[in-house]
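S.K.: Below is the structure I would like to discuss, written out as structure tokens.
The values are calculated or read from the model by the stated rules, or taken from the named source; none is laboratory data. Here the structure is a predicted model, which means the values were calculated and not measured. Neighbour counts run over all protein chains shown; Cβ positions are idealised from the backbone, glycine included. Surface accessibility is based on the protein's heavy atoms, side chains included, excluding ligands, DNA and RNA. Shrake-Rupley method; radii C 1.70, N 1.55, O 1.52, S 1.80 Å.
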Amino acid sequence: SNYVPCKVIHDSFNIIELFAPTHEEQRTWAKDMLQQKVQDYMSTKFELNIGAEVYPPYTSDMRPLNNWWLCLGFFASKVLVSSSHQKQRSEDHSNKLCVRIEKIQQQRQKANAENEYLVTCFRNGNAPLEEYTLTSPDSFFFQDKLHSKLDTILHMCFREYVTPAVIIVSNKKEKEKKDAAVVKISTNVKEWAEENEVHLRTTHLTLLSEEDKHLVTGNPSEIRGGLLSYIDDSNNKNSTAKIFDCHHHHCSSGSTHCNQLDKRLIVVYANVSPIGQFMLRELIEQSQYSRSHRLRVSKSRLCFIINPVDNTQLSPQLLSRAHCIL
């Protein structure tokens, strides 16, 4: 477990301290997860070739490795999708596609620039069919060189590569700067939705104490209530945009996507205390559905932007589920 045991457990049981696997074991596991994720997402046969300099550095905390294989897997899937379409139009019907991920040599980069990586798809060793240039400030999280970290996460969420996406607003800023950061993130999310012709549905909630629990699960007498009801109304194929007022959904100019399920993105802005983080623990866990309540709710195209109030310490549960901290 990566959770600190409470005092009762700590005092009542023997605690065995475990250590992270070796660097070689971490690299093997991360590559296997990357390959499996792409395979689960795609039906295309492919070969994966990863340069030695692309592998993540050794870490005593295994959580950052999730970002490594998720991000690289996402861009590998993108080049495979595009290359598969090109293959269908080509006279070459070979089914062998190779995805290569390699670090761009320093002499091709500007001095003091972030490390850059190239994700390329080939067929039978011929000229590249598709490629993306990525940057990574920490060798774990990768983003398109032309787009921000937020844009990358939103794309991953919208394409259902992560279910749900979890973004944390850094709790190391002063309140004024933090509030300004939340406003900026909200503005950037709307701009991203406009640019990509996505129907955006948003809601805000504040979870500070047990008295706020109904905001998540609804009242005991309700089968559908609280945030679960809102997500279901947004993700259910039978829902329409008519039940949402103008403060809760945002469309690009001339958009016709309000009632197209695959064009919706649900963004939940949550101000949380430690108790609030605990309330959301199941909803922000990576899974296709929320099943811990009476109502099964889909997490497809669902993004949480979590703002810890008053410099609240981030719980291990929240950190282990987060994709990035802005």
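S.K.: With the checklist (1) among the small types (Gly, Ala, Ser); (2) touching a helix residue (DSSP H, G or I) at 6+ places or on another chain (Cβ under 8 Å); (3) open to solvent by 30 Å² or more (accessible area, probe 1.4 Å) in hand, flag the one item Ser290 doesn't pass.
M.R.: It is condition (3) that Ser290 fails.
S.K.: Anything in the stretch 271-312 that is in contact (Cβ under 8 Å) with a residue 40 or more places away in the chain and farther than 27 Å from Lys184 by Cα? List them, or say none.
M.R.: Within the stretch 271-312, Ser287, Gln288, Ser290, His293, Arg294, Leu295, Val297, Ser298 meet the criteria.
S.K.: Same structure again: Restrict the check to the stretch 188-200 and report whether at least one residue is aromatic (Phe, Trp, Tyr), under 15 Å from the mean Cα position of the chain (by Cα) and either open to solvent by less than 30 Å² (accessible area, probe 1.4 Å) or more than 19 Å from Arg321 (Cα to Cα) (or both).
M.R.: No, there is no match, as no residue in the stretch 188-200 is aromatic (Phe, Trp, Tyr), under 15 Å from the mean Cα position of the chain (by Cα) and either open to solvent by less than 30 Å² (accessible area, probe 1.4 Å) or more than 19 Å from Arg321 (Cα to Cα) (or both).
S.K.: Look through the stretch 57-71, keep the residues that are more than 15 Å from Leu34 (Cβ to Cβ) and of a type outside the set (Phe, Trp, Tyr), and return whichever of them is nearest to the chain's Cα centre (by Cα).
M.R.: Among them, the one singled out is Arg63.
S.K.: Same structure, new question: Which pairs do you get when a residue that is basic (Lys, Arg), found in the stretch 173-194, comes within reach of a residue that is assigned to a helix (DSSP H, G or I), reach meaning Cβ atoms under 7 angstrom, with the pair 6+ apart or on two chains?
M.R.: Lys173/Ala181
S.K.: Just the residues that are open to solvent by less than 50 Å² (accessible area, probe 1.4 Å) and either free of Cβ contacts under 8 Å to residues at least 12 places away in the same chain or part of a helix (DSSP H, G or I) (or both), please, taken from the stretch 22-61.
M.R.: Matches in the stretch 22-61: Gln26, Ala30, Leu34, Val38, Val54.
S.K.: Based on this model, can you work out whether Gln86 counts as modelled with pLDDT of 90 or more and either within 29 Å of Leu314 (Cβ to Cβ) or open to solvent by less than 80 Å² (accessible area, probe 1.4 Å) (or both)?
M.R.: Spelling it out, it is not the case that Gln86 is modelled with pLDDT of 90 or more and either within 29 Å of Leu314 (Cβ to Cβ) or open to solvent by less than 80 Å² (accessible area, probe 1.4 Å) (or both).
S.K.: So for the stretch 247-265 (the condition being open to solvent by 10 Å² or more (accessible area, probe 1.4 Å), within 26 Å of Leu150 (Cβ to Cβ), in a loop (DSSP other than H, G, I, E, B) and at pLDDT 65 or above), does at least one residue qualify?
M.R.: Within the stretch 247-265, one or more residues are open to solvent by 10 Å² or more (accessible area, probe 1.4 Å), within 26 Å of Leu150 (Cβ to Cβ), in a loop (DSSP other than H, G, I, E, B) and at pLDDT 65 or above.
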